[in-house]
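Notes follow once the structure below has been shown.
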Amino acid sequence: MNSVGVVTPQRVAFDAPIALRGGTTLPGFELVYETYGELNAEGSNAVLVCHALSGSHHVAGVYAGQPNSVGWWDNLVGPGKPLDTNRFFVVGVNNLGGCYGSTGPMSINPATGQPYGADFPVVTVEDWVAVQARLADHLGIGCWAAVIGGSLGGMQALEWTLQFPDRIRHALVIASAPKLSAQNIAFNELARQAILSDPDFHGGHYYAHGTVPVRGLRLARMVGHITYLSDDQMAEKFGRELKNGTLSYGYDTDFQIESYLRYQGDKFTTYFDANTYLITTKALDYFDPARDYGGDLQAALARAKASFFVASFTTDWRFAPERSREIVYALMHNGRDVSYAEIDCSAGHDSFLLDDAHYHAVVGAYLDRIET
Amino acid sequence: MTEIFGRFDFDVIARWIAPGERVLDLGCGDGSLLKFLTAEKGIRGYGVDNAPENVLAAIRNGVNVLQFDLEKGLAGVDDDAFDHVIMSLSLQTVRHTVPLVQEMLRVGHEAVVSFPNFGHRSHREAIAKGRMPVSEALPYQWYDSPNVRFFTIADFEALCTDNGIEVREGLFFDEGRAVVDDPNLNADVALYRLGRG
């Protein structure tokens, strides 16, 4: 009813080369994006939605004839929703290195005529934001009213305030962190090792071998899912419930949680690319704006000019509330406008994707304050 | 809890705040005081509250609000970050009274504290009749009160003396009218400016 309805992705090619943080230069690239709502005459009502690890440009609405193709943040974005497309012009973009149509490991490398595969460079959050700025130029958006994202998407919103302080008025940083902890990196490394050690990976050139590292990618997703949920929610959702009512005394799926993880892992391998997974976890690991300031986050955030909304979830142990508070304290130190909500939600890190009434109320209340 | 007293409390506090100051308002509720001080004094600041409904209301009121648990202190906030740290009618709702007042004077040059006076005549009369007081200043039944500390003006001044906290100014009111004579008996609300001793 309050959906943006049927949407169509768009594609834009950028011919100018882009120098990446890792030292390589891409000769050019393409981005796939979607927009919802109308850009006003002043260009002052544009909101960029940044996606997390497995997200895409398809933020809201559905594709024609595919009723199940609902966008990943459809509960937040639409007419009358917290991110109201009656007021805002909302942009979703698939990041560089992605596997949903933007230039990435599956794209043809113009130098070889073959898919990039493992030769696609590792990209960073900084690179993504630089690329998103080119999309903003293309769309005629000089300054975003807001950039919003959860998890890795929140890191991009934060990076926007540092790389382009004059091109963003508000940053909404949700269930995020100023950098990964050693434990976060450890989980990412486990996921990467699962993929890298799969015999079907072929050093990343599996497209050429006609294989897919399904087992590795599946395992990576299973590890990820464990970290997205809270202990309480897993207990509530699955407990020790048995799949077939009886113990097998073997290695088949006895418990519902095993079945759930296998299902999620299998499903993921049907639509996500292993090389993109590797790149994206590295982008997560590398993000650390304080690194160039001797680890001083306060100094790193000094150049931000935007107003901030920061939110965390009480049961999120992957990006726990104290990680969000680090951002808040550093912003306070710099005298920036910031509001912070610590939302009581049982669903762990995944809470940011859910339709929790209070969560959506505070996000909506903050967005309502933004002048367009 | 500022809504109980409305603007009267605000006006007194506003007199103590200089234009353009940096202000931290602990237990900010719906952010009305910050909004008032922003409009009247052009202050820049943040409210702190741990109740989800207050955080939502303060965001709607257009002020900066931070959902922190005051019982855990303000460890992430820099020394001397604020000109004034305010606690308007909220001190009685926190358990760690002394550490919190000390935190206020660490992060702020001066603290402003207001609280309901448990020693007010009407409260003493209620106790004398054998019942816990319920009044405009203490509008709760004993079993549903958010207040966890019950103290008088005399108690608070003793706390300041014992902990090296300088009382720079005290103003006392009864139903909004200034009280000079024996405030511990006659005032239902006290407001203080406090400094490092």
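Values in this text are rule-based calculations from the coordinates and carry no lab data. None of these values were measured; they are calculated from a predicted model. Don't worry about glycine lacking a Cβ; one is built from the backbone with ideal geometry, like all the others, and counts go over all protein chains shown.
Only DSSP H runs of four or more residues enter the estimate; each adds -39500 (n - 2.57), and after division by the residues of chain A the mean residue ellipticity at 222 nm equals -10500 deg cm²/dmol.
Normalising the Debye intensity of the range A:128-224 to I(0), with uniform scatterers on Cα atoms only, and taking log10 at q = 0.10, 0.21 Å⁻¹ returns -0.44, -0.92.
Mind checking which aspartates and glutamates have their Cα closer than 20 Å to the Cα of A:K267? Skip sequence neighbours fewer than 8 apart in that chain. Correct list for A:K267: A:D198, A:D200, A:D252, A:D254, A:E258, A:D350. What translational diffusion coefficient, to the nearest whole µm²/s, does the protein assembly as shown have by Stokes-Einstein, given a Kirkwood radius computed over alpha-carbon pairs, a temperature of 4 °C and 1.567 mPa s viscosity? Reported coefficient: 50 µm²/s.
Rounded to the nearest 20, the Cβ-based charge dipole of the protein assembly as shown about its Cα centre (Lys and Arg +1, Asp and Glu -1) stands at 740 debye. When a/c is below 1.5 the answer is rounded, else prolate if a/b is larger than b/c, else oblate, so apply that to the range B:15-118 with a ≥ b ≥ c taken from the square roots of the Cα gyration tensor eigenvalues. Taking the square roots of the gyration eigenvalues as a ≥ b ≥ c, the range B:15-118 is rounded. Exposed loop sites here mean GluC sites (Glu not before Pro) with a DSSP loop assignment and at most 15 other beta-carbon atoms within 10 Å; chain A contains its longest site-free run at A:43-240. Put +1 on the Cβ of each Lys and Arg and -1 on the Cβ of each Asp and Glu in chain A; which of A:F201, A:G117, A:Q264 then has its Cα farthest toward the positive end of the dipole? Toward the positive end, the furthest listed residue is A:G117. Charging the Cβ of each Asp and Glu at -1 and of each Lys and Arg at +1, and nothing else, the dipole of the range B:1-131 about its Cα centre rounds to 520 debye. Listed values for the range A:51-59 are Karplus-derived 3J(HN,Hα) couplings in whole Hz (6.51 cos²θ - 1.76 cosθ + 1.60, θ = phi - 60°), namely 8, 8, 3, 9, x, 7, 5, 7, 7, and x replaces Gly and Pro.
Per-residue shielding of A:330-336, expressed as the average number of other chain Cβ atoms within 10 Å of the residue Cβ, stands at 4.
Among B:F172, B:F115, B:F151, the largest mean-square fluctuation in a Gaussian network model of chain B (Cα springs under 10 Å) belongs to B:F151.
Dipole orientation for the protein assembly as shown: of the candidates A:S346, A:T25, B:W142, A:T25 has the Cα lying most toward the positive pole (charges on Cβ; Lys, Arg +1; Asp, Glu -1). Entry note, chain A: relative contact order of 17 percent, from Cα contacts under 8 Å with a spacing of 6+ residues.
Simple point charges give the picture: +1 on the Cβ of Lys and Arg, -1 on the Cβ of Asp and Glu, and for the range B:60-157 a dipole about the Cα centre of about 600 debye.
The aspartates and glutamates within cross-link reach of A:K282, meaning a Cα-to-Cα straight distance under 13 Å and a gap of 8 or more places when in the same chain, are A:E126, A:D127, A:E189.
Less than 5 angstrom separates the built amide H of A:L242 from those of A:Q256, all sequence-distant by 5 or more or on a different chain. Counting beta carbons within 10 Å around each of B:W142, A:W72 and listing the fewest first gives the order B:W142, A:W72. By the beta-carbon count within 10 Å of each Cβ, the least crowded to most crowded order of B:K129, A:K237, fewest first, is B:K129, A:K237.
Taking the inverse of the mean reciprocal distance over all distinct Cα pairs, the Kirkwood hydrodynamic radius of chain B comes to 16.9 Å. Of A:F187, A:V212, A:T246, which is farthest towards the positive pole of the range A:176-270's charge dipole, taken about the Cα centre with +1 and -1 on the beta-carbons of Lys, Arg and Asp, Glu respectively? Selected residue: A:V212. Between A:A157, A:A357, A:A220, the Gaussian network model of chain A with springs among Cα atoms under 10 angstrom shows the greatest mean-square fluctuation at A:A357. Rg over Rh for the range A:45-135 works out to 1.04, using Cα positions for both radii and the Kirkwood form for Rh.
Taking the centroid of alpha carbons for each part, the range B:8-68 and the range B:140-175 are 21 Å apart.
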